[in-house]
1. Please determine whether any residue of the range 133-153 is touching a helix residue (DSSP H, G or I) at 6+ places or on another chain (Cβ under 6 Å), under 30 Å from I66 (Cα atoms) and part of a loop (DSSP other than H, G, I, E, B).
2. Please give the strands (runs of 3 or more DSSP E) falling wholly within the range 1-94 in which 3 or more residues are within 19 Å of V176 (Cβ to Cβ) and touching a helix residue (DSSP H, G or I) at 6+ places or on another chain (Cβ under 8 Å).
3. Give me a count of the residues in the range 99-132 that are within 24 Å of D67 (Cβ to Cβ), among the aliphatic types (A, V, I, L, M) and either touching a Lys or Arg at 6+ places or on another chain (Cβ under 6 Å) or in a loop (DSSP other than H, G, I, E, B) (or both).
4. Do the conditions hold for R110, that is, is it of a type in the set (D, E, K, R) and free of Cβ contacts under 8 Å to residues at least 12 places away in the same chain?
5. Within the range 133-184, take every residue that is touching a His at 6+ places or on another chain (Cβ under 7 Å) and not hydrophobic (A, V, I, L, M, F, W, C) and give me the one that is surrounded by the most Cβ atoms within 10 Å (Cβ to Cβ).
6. Test G165 against the stated conditions and say whether it is assigned to a helix (DSSP H, G or I) and small (G, A, S).
7. Would you mention how many residues in the range 98-116 are more than 20 Å from M1 (Cα to Cα) and either touching a helix residue (DSSP H, G or I) at 6+ places or on another chain (Cβ under 7 Å) or of a type in the set (A, V, I, L, M, F, W, C) (or both)?
8. Is there a residue in the range 63-78 that is surrounded by 13 or more Cβ atoms within 10 Å (Cβ to Cβ), out of contact with any Gly (no Cβ under 6 Å at 6 or more places or on another chain), modelled with pLDDT under 95 and farther than 20 Å from I93 by Cα?
Amino acid sequence: MKAILEAIQHGLDAQAVVFIGNNKNAGAFKIAAQHNLECFHLNSKTHPDAEQLDQTICSTLERQQIDLLVLSGYMKKLGPLTLKEFSNRILNIHPSLLPKYGGQGMYGDRVHQAVIENQENQSGASVHIVTDEYDQGPVLNQKIVAVEENETVESLREKVKAIEGQLYVDTLKKIVNNEIILKK
């Protein structure tokens with residue numbers, strides 16, 4: 001998120017207008033506030049009914065007239081109303097070269113551990129369209145990192161984290177420049 005907001009400050013032809021987070025203690029709230037984004041804390045505690053939470057997220061985004069929803073660290077599955085309303089306009093980043101090591105339960109260090117256990121010689125990150133199935137939407141952009149013989153989960157995590165921000169910014173630039181066309 002920070003890389004995207006900084007890219008906007010430095011000329012990326014986009015505007016960030018709202019931040020929705022499910023973890024009120026996340027550092028992203030502070031970053032969003034520093035960039036003057038309207039911030040909303042919405043989760044299963046603020047809205048115990050899943051349908052009500054989905055409706056609140058969707059209506060919050062609609063009020064802001066969002067063209068593109070960019071997930072960055074949002075670890076919960078979006079509800080069907082939000083998925084339908086913003087179909088083909090929700091992006092996420094995943095710490096592997098999808099379709100490998102994606103799907104329910106594959107996140108964070110679990111992904112890196114699986115890559116190492118399977119003796120892959122490369123990993124990376126993928127920006128993809130969000131659908132109703134975890135990590136199954138079309139991949140829009142990827143960046144590769146080498147997996148060394150002595151790689152650890154921690155070292156692979158750091159390699160992938162180091163490329164994610166720029167990959168996301170590059171993907172957004174390609175969307176803005178019509179090099180990537182999102183289906184309507």
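1. Taking every residue of the range 133-153 in turn, none turns out to be touching a helix residue (DSSP H, G or I) at 6+ places or on another chain (Cβ under 6 Å), under 30 Å from I66 (Cα atoms) and part of a loop (DSSP other than H, G, I, E, B).
2. Ranges flagged: 90-94.
3. Final tally of qualifying residues: 2.
4. Details: of a type in the set (D, E, K, R): yes; free of Cβ contacts under 8 Å to residues at least 12 places away in the same chain: yes.
Here the answer is yes, as R110 does meet what is asked.
5. D135
6. yes
7. Summing the residues that are more than 20 Å from M1 (Cα to Cα) and either touching a helix residue (DSSP H, G or I) at 6+ places or on another chain (Cβ under 7 Å) or of a type in the set (A, V, I, L, M, F, W, C) (or both) in the range 98-116 gives 9.
8. yes
The values are calculated or read from the model by the stated rules, or taken from the named source; none is laboratory data. Because the structure is a prediction, the values reported are computed rather than measured. Positions of Cβ are generated from backbone atoms using ideal geometry, with glycine treated the same way; all protein chains shown enter the neighbour counts.
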